[in-house]
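The values are calculated or read from the model by the stated rules, or taken from the named source; none is laboratory data. Every value quoted in this text rests on a predicted model; they were computed, and no experiment measured them. Cβ coordinates were reconstructed from backbone atoms using ideal geometry, including for glycine residues, and neighbour counts include every protein chain displayed. These accessible areas exclude ligands, DNA and RNA; they are computed on the full protein's heavy atoms, side chains included. Shrake-Rupley method; radii C 1.70, N 1.55, O 1.52, S 1.80 Å.
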Amino acid sequence: MKITKFPRERILSLSAELATRATHDTDCLLVSAGYDHTIRFWEALSGICSRTIQHPESQVNRLCITPDKKYLAAAGRHMVRLYDIKSSNPSPIMVFEGHSNNITAVAFHVDTKWMVTSSEDSTVKVWDTRTGNIQRNYAHSHPVNDVVIHPNQGEIVSADRGGNVRVFDLGSDKCTHQLIPAEDVSVSSVSVANDGSLLAAGNNHGDVYIWRMYQENNETSLAPCRVFKAHKEYLTRLLLSPDIKLLATCSADHTVKVWRVDPNFQGLEDFDQETEYGSSPQTPIQTSHSLPTTTFSSSVSIRPNTSSTNELPSQSSTISSLSAGSASTGHLPNSQIPQPIITHRRPLPLETTLENHQRWVWDCAFSADSAYLVTVCSDHYARLWELASSSVIRQYSGHHRGAVCVALNDYSGAAA
């Protein structure tokens, strides 16, 4: 599989191109799924459920609409099913099999040439969407909660229950960065800004970590710049908005908080002004910029529960020692120095809190203009929020059990 990493100029032009494409999209399609083993297609403006697909093999953990808006990927227990959005055929046009446990995330290359998935089987896999074959396989030491594609289309970022955030370069086929924001605290979600300038990660303690991302000479470097507590309970998902001015965080505390992100405003400080140096019980790995670490007690990991009980799966108690190794294991060379620790926690400005949810909020999706947010909740509902007024303007009712994932065919306006 040949990988071409986009330069920053191409990333910026691509971001503008996708925004323009979304604004001229006349079909406002919202898709939700969850515990009831169904995938529901909604007309986003009217709130009408236009199509329901049964997913008998398992609950659906994640949804993703391809960049060309033609297909929907539904990630279940062991496989990803790909559906034709325009067709009424309830059968998938393609099935990707290869994981041995719950698939936790799915994302597509901008030209839909390849797809990346993460799983509780502790792997991240890259698939050729034309053949269904696995092209890359990266092993974590813990179940993987999330994976996203860098806008340069040549790197992926994954997060696992051992507290690791890893960056893999698909061209060189190796792990280039390993970040451990808090040892033994499951990182539940990661998000990369559309222009590749920021990386955000959230963990089970409700903490958010933000790094600046730089791309020079075809290499990406990171500089940590902010950590704060977004929620007092589990953070289930976080997402940077398309215009990179907002950060949404979903939580077990029944809320979604929307934070103001503006690099030209008071938001992000240089990390050097916020740190002191000290050694960590586990020697950190050094990349071109120092990496942050914070010490917390152990935590349990959270994913939508696949068992018949409401118990959460327990997290492995230790992180295996870091050592030199092959790309397939994600290990990095032994270049290790004392690691900076963020000592002052200052949250981003809180834009609004969305509070009408009755249970855990699992997922969210921004509209293309960043003015609206869709959320899904264990109370069975999907909701469309107008962020300017913090009000629900549509509520989608039809799931018989908790809704845990959502995908939005980029939305450019709403009618009351």
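Quick notes on this one:
- Subtracting the Cα-Cα distance of Ala139 and Arg359 from their residue separation scaled by 0.36 nm leaves 75.9 nm.
- Extension reserve of the Lys69-Ser100 stretch, reckoned as 0.36 nm per residue once the Cα distance is removed: 8.3 nm
- Counted residue by residue at 0.36 nm each, then reduced by the alpha carbon distance between them, the extension gain from Ser50 to Asp111 reaches 19.2 nm.
- Heavy-atom accessible area, probed at 1.4 angstrom with all protein chains present, ranks Lys69, Lys113, Lys86 as Lys86, Lys113, Lys69, highest first.
- Prolate/oblate/rounded label for region 219-262 (Cα gyration tensor, a/c 1.5): prolate
- Listed pairs Lys125/Lys229; Lys113/Lys257; Lys125/Lys257; Lys70/Lys174; Lys86/Lys113 exceeding 27 Å between Cα atoms: Lys125/Lys229; Lys113/Lys257; Lys125/Lys257; Lys70/Lys174
- Heavy-atom SASA rank of Leu235, Leu350, Leu29 (probe 1.4 Å, accessible area, largest first): Leu350, Leu29, Leu235
- Overall form of region 73-122: oblate. Here a/c, set by the Cα gyration tensor axes a ≥ b ≥ c, is 1.5 or more, and a/b is not larger than b/c.
- Taking packing as the residue-averaged number of other Cβ atoms within 10 angstrom, the listed peptides 182-194, 157-169 run from highest to lowest as 157-169, 182-194.
- Exposure ranking of Cys49, Cys64, Cys405 by accessible area [1.4 Å probe, largest first]: Cys49, Cys64, Cys405
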